[in-house]
1. Which of Ala57, Cys29, Ser41 sits closest to the plus end of the dipole of the chain, meaning its Cα is farthest towards the positive end, when Lys and Arg get +1 and Asp and Glu get -1 on the C-beta?
2. Quick one: 3J(HN,Hα) in Hz for region 19-28, Karplus 6.51/-1.76/1.60 with θ = phi - 60°, rounded, Gly and Pro as x.
3. Sequence-distant or interchain residues sharing an amide H contact under 5 Å with Arg66, placed H: which?
4. Of the peptides 16-28, 32-44, how do they stack up when ordered by the mean number of other Cβ atoms within 10 Å, highest first?
5. Report, in deg cm²/dmol and to the nearest 500, the calculated mean residue ellipticity at 222 nm for the chain, where each DSSP H run with n ≥ 4 adds -39500 (n - 2.57) and the sum is divided by the residue count.
6. Ranked highest first by average number of other Cβ atoms within 10 Å, how do 5-14, 60-69 line up?
7. Which angle between 0 and 90 degrees, to the nearest 10, do you get for helix 48-58 versus the longest principal axis of the chain when only C-alpha atoms count?
8. Can you list residues whose amide H is under 5 Å from His44's amide H, if they're 5+ apart or on another chain and H is modeled 1.01 Å from N?
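Just so you know, all these numbers are worked out from the coordinates, no wet-lab data involved. As the structure is a computational prediction, the values presented were derived from the model and not from experiment. Note that each Cβ is placed from the backbone with ideal geometry, even for glycine, and that neighbours are counted across all protein chains shown.
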Amino acid sequence: MRVFVSWSGGKDSALATHRALAQGHQVVCLLSFVSEDGLRSRSHRVPISALQAQAEAMGLPLLCFRTSWEEYEENFK
């Protein structure tokens, strides 16, 4: 099954990616919500450059969407 992983840059999203791959899924991209200025991840405030480096190291595209805390849940849907 082709899937995306909700990517925060933290260990939980790395574990989710590992488990998805171990179960035979094809991870096609990483999806990350970032701050309104686009500079940091919304959840852990990881710099976007670090998220990009992580995605590049895994050979996966990174899709980033800007959102506020107020709109985060609705945008995730």
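1. Farthest towards the positive pole: Ala57.
2. 5, 4, 5, 4, 8, x, 6, 9, 7, 9
3. Counting only residues 5 or more places away or on other chains, the set is Val34.
4. 32-44, 16-28
5. On the way: 3 runs with 28 residues, N = 77.
Calculated mean residue ellipticity at 222 nm is -10500 deg cm²/dmol.
6. Values: 5-14: 17.4, 60-69: 14.3.
The most tightly packed comes first, giving 5-14, 60-69.
7. Between the helix axis and the principal axis of the chain, the angle is about 10 degrees.
8. The list, which skips near neighbours in sequence, is empty: none.
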